[in-house]
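Engineer: The structure follows.
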Ligand SMILES: Cc1cc2nc3c(=O)[nH]c(=O)nc-3n(C[C@H](O)[C@H](O)[C@H](O)COP(=O)(O)OP(=O)(O)OC[C@H]3O[C@@H](n4cnc5c(N)ncnc54)[C@H](O)[C@@H]3O)c2cc1C
């Protein structure tokens, strides 16, 4: 089996798909090495293992809503798109979504998957509790009162097999999406705070071409109207695809047409292949205040980037307190690259990282990066606390794989 992009061939000898927590717990107790897998959308080997893997797609798929506490308990393997429909039908919403609804809840929070919005934390910031199967097969409930709660949430698949995730919810809301065309990178970088604060969720797409600028995708909560212009940019008069020239049919409704949050916050519809399909992704986070300088530094290698790029997306993510989140205590700007599926990407990623090193970039854990463990440790202040927690929870490293061993030096 391969990952979604077809660039990682999973090495596991067997994949289990247990139907109950009890069945999962006895598997975990029996195996000496085991790793959970979600919907396999990561672009690196984080979900791989050379032992056995486990997916939770055969577990019961019911959600439970606690209206008084505004919390939903979600089966860990459920896809965000499925969860969103079930929540909206019952009058509820989560605060944000990634660009695609196809990914599993546990897999997404394990890598701090994010959407956009200066006031929106990544998807893991909605977590209020977890149920995990520990290496000995015991089942543990972790609540936000647990002193190590912030260490468990973005767990990289290492804190146990997550079976249930409790997420904060709010009453359902509507979004209106407007795309502004003709925004140059110069204007964007010079006014980044104002532009990223324009709407509830804002993305800027560019190709790094010398001329041609980019597009601002602004998702307004209903009641907040889109302005008729944005600096030199103007509202699109028909639906757009983030990748220049592609048919917009797979994309969520635009043109300021009001509709439920889950049908506007992702860029792509559940029933279509998201993005280009034939691609590799990487993303690097810098402090929001450093973003204009980071973009200016990347301008120097723009022609090189552009040779193998589909599109870049720039998003804002609010700071959080989750130990392994790349947005830990730092209001962040994510500079994302959707690369063409060519080998040159791996060398290009090193070039981009070298340019962003002075800005203490933090890599997206589910995308392609080459950062050394030393760089990772130097920019992620809670790595030592996380590895200490892992030593207590999983002294034999039952849940680890080569990717996490390299990254954390275990
Ligand atoms: C087209 C496309 C668009 C994307 N857009 C975005 C985006 O907008 N924003 C963004 O941040 N990322 C984005 N990504 C990246 C992707 O969403 C994340 O990397 C996410 O982690 C993938 O989730 P998954 O369910 O596929 O997890 P997998 O890739 O299957 O696994 C990821 C990690 O989660 C762990 N895991 C999975 N299930 C469990 C469990 N039950 N218990 C414990 N650990 C578990 C695995 O061990 C692994 O470490 C995109 C990817 C693609 C392909």
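What follows draws every value from the coordinates through simple rules; no lab data is involved. The structure presented is a predicted model; accordingly, all values stated were derived computationally and were not measured. Here Cβ is always computed from backbone atoms with ideal geometry, including for glycine, and neighbour counts include all displayed protein chains.
Engineer: Could you state the number of Å between the C-alpha centres of region 105-143 and region 358-410?
Structural biologist: For region 358-410 versus region 105-143, the Cα centre distance is 17 Å.
Engineer: Measuring from the lowest to the highest alpha carbon on each principal axis, how far does region 174-374 reach, largest first, in angstroms?
Structural biologist: Result, largest extent first: 47, 35, 33 Å.
Engineer: If I fit a long axis through the Cα atoms of helix 344-356 and take the longest principal axis of the Cα atoms of the chain, what angle between them do I get, 0 to 90°, rounded to 10?
Structural biologist: Once rounded, the angle reads 80 degrees.
Engineer: In angstroms, what radius of gyration and Dmax does region 61-119 have, counting Cα atoms only?
Structural biologist: 11.4, 32
Engineer: For helix 21-30, report the angle its Cα long axis makes with the longest principal axis of the Cα atoms of the chain; keep it between 0 and 90° and round to the nearest 10°.
Structural biologist: 70 degrees
Engineer: What are the equivalent ellipsoid semi-axes of region 27-161, built from the alpha-carbon gyration tensor (square roots of five times its eigenvalues), in whole angstrom, biggest first?
Structural biologist: Equivalent-ellipsoid dimensions as semi-axes: 24, 17, 15 Å.
Engineer: For the chain, state what percent of all Cα-Cα pairs lands in each successive 10 Å bin, counting from 0 Å until the bin that includes the largest distance.
Structural biologist: Bins of 10 Å from zero give 5, 23, 34, 26, 11, 2, 0 percent of pairs.
Engineer: Determine, for each peptide in 369-377, 290-298, the mean count of other beta carbons within 10 angstrom over its residues, then list the peptides with the highest first.
Structural biologist: 290-298, 369-377
Engineer: Separate question: I'm a student and want to see the number: the projected area of the Cα convex hull of region 305-410, averaged over all directions, in nm².
Structural biologist: The number I arrive at for region 305-410 is 7.3 nm².
Engineer: At a 10 Å Cβ-Cβ cut-off, how would you order 340, 300, fewest neighbours first?
Structural biologist: 300, 340
Engineer: When the convex hull of the C-alpha atoms of region 88-185 is computed, what volume per residue in Å³ does it have?
Structural biologist: Residue-normalised Cα hull volume stands at 146 Å³.
Engineer: Using alpha carbons only, how many degrees (0 to 90, rounded to 10) separate the axis of helix 383-393 from the longest principal axis of the chain?
Structural biologist: 30 degrees
Engineer: To the nearest 500 deg cm²/dmol, what mean residue ellipticity at 222 nm is calculated for the chain from DSSP H runs of n ≥ 4 alone, each contributing -39,500 (n - 2.57), summed and divided by the residues?
Structural biologist: -6000 deg cm²/dmol
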